[in-house]
Every structure is written in structure tokens, then in C-alpha cells.
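Asker: One structure coming up, written as C-alpha cells, with questions to follow.
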Amino acid sequence: MLPGAAALLAQARERGLLLGVASASRNATVVLERAGLSRAVDFIADAAKVAHSKPAPDIFLACATGLGVGPAECVGFEDAAAGVDAIKSANMVAIGIGDREILAKADLVFAATADVDLDRVLRLSPSAPQV
């Protein structure tokens, strides 16, 4: 697990946010179970059940549907440019984790998961609970 990931998930839970995973991996469920995180999320989008992979928005749209929310209500986190493109194509707020130049199309970029400021993230989403 990335440093800061568990704390970020806990902070999001405390605020009552729904949490989903939109992974291109076909074994995301197993990986989350082994990491002890399967109960930390509300929905896992299965890459095997979407028509197109990133940079198409399919996996992120499937996640929104699985959570029962509209894309405009979602914030996606990504560490790859193709993922940021997919999030933006889904009409979601995109948060990049990593290199600012590579993730330049993201709405906000943090160098690492441990650096994520959830207050700043939520201010970007008009439908998110305001802090």
C-alpha cells in the first residue's frame, strides 16, 4: 500500500464519502483483499466487464454507476496520463498523483498519496460535501 493511502481512505470515510476503485487490473478485487482494503471501498469496477480500457472513460463511468452517483459528483485519482485523460473524458474531477508535467491535464496534482489534501480536493467538486 502506498504511504498515506490508508489515512486518506480513513479521512474520506469520516466525511461520509463513497469510495470506489476503477482499476485496469483484472485482479483488483484480489489485490485489495490481500492488502486488507476490500472493506474500505464501496465498489470495485471490474476491468473485464468494460468495453474499452483507459484512456476511454468506461472504467470510471462503471465505477460511478456502481456507486449510484453521476460522473459530475466524482473525483478520480490517477498516476498515469492515460488515466487522467479517462477521468476527464468521464466529466469527473481528476487528481494526479506523481509528476506534474506528466499529469498536467489533471485538475490538481500531488507528488505522493501522502501529500493529498482532501480539503483542497473537495473544493474542486461542486457536489462534494464542503469542508
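Asker: Within the chain, which is the longest segment that contains none of the trypsin sites (Lys or Arg not before Pro) sitting in a DSSP loop with at most 15 other Cβ atoms within 10 Å?
Answerer: Looking at the chain, 27-99 is the longest stretch - no exposed trypsin sites (Lys or Arg not before Pro) with at most 15 other Cβ atoms within 10 Å.
Asker: Using a Förster distance of 35 angstrom, determine the FRET efficiency expected from the C-beta separation of Glu101 and Val31, and round it to 0.05.
Answerer: About 0.80, to the nearest 0.05.
Asker: Picking from Val121, His52, Gln11, whose Cα lies most toward the positive end of the charge dipole for the chain (charges on Cβ: Lys, Arg +1; Asp, Glu -1)?
Answerer: His52
Asker: If you roll a 1.4 Å probe over the stretch 3-131 with all protein chains in place, what percent of the accessible area is carbon or sulfur?
Answerer: On the way: 3710 of 7020 Å².
Accessible surface attributable to carbon and sulfur in the stretch 3-131 totals 53 percent.
Asker: Tabulate in residue order the Karplus-calculated ³J(HN,Hα) for the stretch 40-57, using 6.51 cos²θ - 1.76 cosθ + 1.60 with θ = phi - 60°, rounded to whole Hz; enter x for Gly and Pro.
Answerer: 7, 10, 8, 7, 10, 6, 8, 4, 6, 9, 10, 6, 10, 8, 4, x, 5, x
Asker: Multiply the residue separation of Ala40 and Ala82 by 0.36 nm, subtract the distance between their alpha-carbon atoms, and state the gained length in nm to one decimal. Write out the running numbers ahead of the final one.
Answerer: Numbers: separation 42, 0.36 × 42 = 15.12 nm, distance 2.54 nm.
Between Ala40 and Ala82, full extension yields 12.6 nm more.
Asker: Could you work out how far apart the two model spin labels at Leu2 and Ala56 are, taking each label as a point 7 Å from the Cα in the direction of the beta carbon, and quote it in nm?
Answerer: The answer from the label model is 2.5 nm.
Asker: Residues with amide H under 5 Å of Ile44's amide H, sequence separation 5 or more or different chain, H placed in the peptide plane at 1.01 Å from N; which?
Answerer: HN-HN under 5 Å from Ile44: Val21.
Asker: Keeping every protein chain present and rolling a 1.4 Å probe, give me the accessible area per residue for the chain in Å². Can you show the working numbers first?
Answerer: Working: 7270 Å² over 131 residues.
In whole numbers, the chain has 55 Å² accessible per residue.
The values are calculated or read from the model by the stated rules, or taken from the named source; none is laboratory data. Worth saying up front: this structure is predicted, and the values here are computed from it rather than measured. Note: ideal-geometry Cβ built from the backbone for every residue, glycine included; neighbour counts use all protein chains shown. For the accessible areas, the whole protein counts, side chains as well, though only heavy atoms, and no ligand, DNA or RNA atoms are used. Shrake-Rupley method; radii C 1.70, N 1.55, O 1.52, S 1.80 Å.
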